[in-house]
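A.B. asks: To start, I am sharing the structure in question, which I have written as structure tokens.
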Amino acid sequence: MASARALRERVRKELTDEIVEIAKAQLADRGAENLSLRAIARDLGMVSSAVYRYFPSRDDLLTALVIDGYNSIGAAVEQADEATASDDFPGRWRAVGQALRAWATEHPHEYALVYGSPVRGYHAPETTLQASMRDKVVLGRIISDAHRAGVLRVPPPAQPAPQALAGDLRRVREAVLPAVPDSAVVAALTAWSGLFGMLNLELFGHFNNIIDDRAGLFDQALARLADLAGLPA
């Protein structure tokens with residue numbers, strides 16, 4: 001009985017993975033809002049009711065795609081960070097940034113799903129939160145490690161932070177930037193926003209007919225953003 005159960009679980013996982021892969025192809029062909037479980041069933045040669053046993057709705061399938069995308073991004077940046085000397089903070093920043101860009105340019109439609117415009121009518125559940133934090137944890141760890149090593153340049157506050165923002169910064173610090181002062185949290189958030197802003201401008205076509213050497217521009221921006229974040233040169 002145990003062997004039969006293991007076989008059923010393996011078959012279920014294989015079919016679930018196949019559904020997700022077909023759904024990724026649909027993202028490229030028709031966009032997230034037009035995902036169709038019935039079309040996936042046709043591609044699999046199954047009746048649609050069989051696919052609904054794995055994903056009861058389009059939103060359940062979107063959630064699986066979102067989690068898969070975040071986990072894939074997270075794995076890419078974790079590997080890049082681990083492959084760089086732990087005390088080379090700007091090197092770690094560059095490696096993680098380049099890993100993000102490489103993943104995004106190789107998976108533009110999956111990147112758009114997790115970092116592009118929200119899918120109309122879809123609200124990501126809390127089950128996506130853990131996966132969504134993986135890349136942020138890596139970026140935060142670089143900043144926090146530099147601060148603990150005494151080499152992070154903590155900028156003076158540009159202006160006093162309103163009380164409501166102070167609470168937000170505390171939550172960010174508790175989540176990914178332990179012991180980092182408020183002004184450095186603001187600098188880190190600004191640098192992170194710049195990093196993803198550069199990716200969005202490139203991937204969503206805003207550099208078309210303007211920038212040809214997009215890899216070169218991104219590398220220059222990474223260096224500027226590392227400086228903005230307070231990392232040593």
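FYI, it's all coordinate maths here, none of it is from the lab. Computed from a predicted structure; not experimentally measured. Here the Cβ is made from the backbone with ideal geometry for all residues, glycine too, and neighbour counts use every protein chain on show.
A.B. asks: Which of the residues that make up region 175-187 are part of a loop (DSSP other than H, G, I, E, B), hydrophobic (A, V, I, L, M, F, W, C) and out of contact with any helix residue (DSSP H, G or I) (no Cβ under 6 Å at 6 or more places or on another chain)?
C.D. replies: We begin by selecting, within region 175-187, every residue part of a loop (DSSP other than H, G, I, E, B); these are 177-181.
Filter once more, so that each one left must be hydrophobic (A, V, I, L, M, F, W, C): 177, 179-180.
If the condition is that a residue be part of a loop (DSSP other than H, G, I, E, B), hydrophobic (A, V, I, L, M, F, W, C) and out of contact with any helix residue (DSSP H, G or I) (no Cβ under 6 Å at 6 or more places or on another chain), then Ala179 is the only one that fits.
A.B. asks: Restricting to region 81-106, count the residues that are in contact (Cβ under 8 Å) with a residue 40 or more places away in the chain, crowded, with 18+ Cβ neighbours inside 10 Å and under 14 Å from the mean Cα position of the chain (by Cα). Walk me through how you get there before you give the answer.
C.D. replies: Filtering region 81-106 down to residues in contact (Cβ under 8 Å) with a residue 40 or more places away in the chain leaves 81, 86-87, 89-90, 92-94, 96-98, 100-101, 104-105.
Next, from what is left, pick out any that are crowded, with 18+ Cβ neighbours inside 10 Å: 81, 89-90, 92-94, 96-97, 100-101, 104.
Still in the running and under 14 Å from the mean Cα position of the chain (by Cα): 96-97, 100-101, 104.
So the count comes out to 5.
A.B. asks: Output the residue which, of all residues in region 203-223 that are part of a helix (DSSP H, G or I) and touching a residue at least 24 places away in the same chain (Cβ under 8 Å), is nearest to Leu152 (Cα to Cα). Spell out how you get there, then give the answer.
C.D. replies: Pass one, region 203-223, residues part of a helix (DSSP H, G or I): 203, 214-223.
So of that shortlist, the ones also touching a residue at least 24 places away in the same chain (Cβ under 8 Å) come out as 203, 215, 218-219, 221-223.
On the way: Leu203: 31, Ala215: 27, Phe218: 22, Asp219: 21, Ala221: 19, Leu222: 16, Ala223: 15 Å.
This residue is Ala223.
A.B. asks: Go through (1) among the polar types (S, T, N, Q); (2) more than 30 Å from Arg30 (Cα to Cα); (3) assigned to a loop (DSSP other than H, G, I, E, B) for Thr190 and report which single condition fails.
C.D. replies: For Thr190, the failing item is (3).
A.B. asks: Considering only region 172-202, state which residues are closer than 18 Å to Arg153 by Cα, of a type in the set (Ser, Thr, Tyr) and under 19 Å from the mean Cα position of the chain (by Cα).
C.D. replies: Thr190
A.B. asks: Here is a list of conditions, (1) touching a helix residue (DSSP H, G or I) at 6+ places or on another chain (Cβ under 8 Å); (2) not in a helix (DSSP H, G or I), and Val137 meets all of them except one; can you say which number that is?
C.D. replies: (2)
A.B. asks: Mind checking which residues of region 27-46 are under 24 Å from Pro118 (Cβ atoms), out of contact with any Ser or Thr (no Cβ under 7 Å at 6 or more places or on another chain) and in a helix (DSSP H, G or I)?
C.D. replies: Correct list: Leu27, Ala28, Asp29, Arg30, Ala32, Glu33, Asn34, Ala39, Ile40.
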